[in-house]
Amino acid sequence: MTDAVVPVDGAADPDGPPIEGVMRKLDGATSGNGLPAGTIAEAVRSAVTLPDEDGARLLMELTLAGGPWDSAAVACRLPSGTWGTRTGTGALGQVCDRLQWELGEGPARDALTTGLVSAHHLTADPRWPTWRTEVRALGARAAVSARLYAGRTLGTLTVYATHPVDPDRAAGDHLRTMAAHLSVLLDMVDRRRNLEQGMVNRGIVGQAIGLLVERYGIAADQAFATLRRISQSENQKMAHLATVLVQSGDLPGLHGRGD
C-alpha cells in the first residue's frame, strides 16, 4: 500500500488510523482482472462509516489498488473559496497536486470542466509546460485526473505514477468508478456539514432574537425582521450578525431599538 494519508497541512491524525483493518483486506486482492466487485463494495460501505479524512483515504487506496499508480490526491473548493488540494496519499501526489493550483495549470484544473484528463507520458506531453517541468523534476511521469461530480462539481481525484503508463481501459474504468464513489462520499460530507452548520446558525439566531425581545419588549417576528433589515443593509449574513449581537450586545444599524 502507499504512504498514509495526512491533511495537506501535514497535521497527523492524533487518534491514529482506524481504517487499517479494512485496508489489510485490500492487500493481495488485486488480480489480473482487477479488484473483485465484493472487495470494492465492502470498502465503499466501510468508507461511509469512517471519519471524513479516513473515508477519503480508503477510497484513494482502493483506487490505487486497481491501477498502475503510486499516489493520489483529492482537490476541492477550500474554505477560502479557491480550488486547492484537500488531502492525498503519498508525498508525490500531494506535492504535484498542490503545484497545479499554485501554477494555474495541470490535468486536475482541466478536469474540473472536461471530466477526465489523461497524461500517460508526461515526458512527451506538450500540455502544462511549467507544471510538467516541475513535477518531472520531482519524479512524476504520468497523471490522470477525474472530475468529482454529484449534481455539482465537487473537485477532482488525480492519480500519479513515477513511470510512464500505457492506456488501459480496465484501469480507466476503475478510476471513473472510484471517482463516482468518492463524489457520493464528499457530497454526503458536505451536506452533513451544512446541516450541522445550519443547526448552529439557527441556534445563534434564536439567541439574538431572544435578546432583542427581552431588551425592547417586541414580538419575535419583529426581532427577526430587525435582524433581516440589518443583514440586508450591512450586506452581512444573518448568522454572523446574530453572533456579533450575542457576543457584544450591539450591532451596526441597531440604533438602540428594535423595529
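The values are calculated or read from the model by the stated rules, or taken from the named source; none is laboratory data. No experiment lies behind these values; they were computed from the predicted model shown. Reconstructed Cβ throughout: ideal geometry from the backbone, glycine too, with neighbour counts over all protein chains shown.
Only one of (1) buried (at least 16 other Cβ atoms within 10 Å of the Cβ); (2) under 15 Å from residue 66 (Cα atoms); (3) under 26 Å from the mean Cα position of the chain (by Cα) fails for residue 165. Which number is that?
(3)
Hey, can you tell me all the residues within the range 137-152 that are surrounded by fewer than 22 Cβ atoms within 10 Å (Cβ to Cβ) and either in contact with a helix residue (DSSP H, G or I) (Cβ under 6 Å, 6 or more places away or on another chain) or over 21 Å from residue 112 (Cα atoms) (or both)?
137, 138, 139, 141, 147, 149, 150
Can you tell which of 142, 179 is closer than 26 Å to residue 43 by Cβ, assigned by TED's automatic domain parsing to the domain that holds residue 41 and modelled with pLDDT of 95 or more?
142
Only one of 80, 71 is on the phi < 0 side of the Ramachandran plot, touching a Phe, Trp or Tyr at 6+ places or on another chain (Cβ under 6 Å) and at pLDDT 75 or above; which?
71
Just checking, how many residues over the range 169-178 are in contact with a Ser or Thr (Cβ under 8 Å, 6 or more places away or on another chain) and surrounded by 17 or more Cβ atoms within 10 Å (Cβ to Cβ)?
Number satisfying all stated conditions: 3.
Can you work out which of the residues in the range 51-68 that are outside any helix (DSSP H, G or I) and under 10 Å from residue 178 (Cβ atoms) is modelled with the highest pLDDT?
The qualifying residue modelled with the highest pLDDT is 67.
Can you tell me which residues in the range 88-118 are of a type in the set (Ser, Thr, Tyr) and surrounded by fewer than 24 Cβ atoms within 10 Å (Cβ to Cβ)?
The answer is 113, 114, 118.
For the range 112-206, which fully contained strands (runs of 3 or more DSSP E) count at least 3 residues that are in contact with a strand residue (DSSP E or B) (Cβ under 6 Å, 6 or more places away or on another chain) and without any contact (Cβ under 8 Å) to a residue 60 or more places away in the chain?
116-119, 142-149
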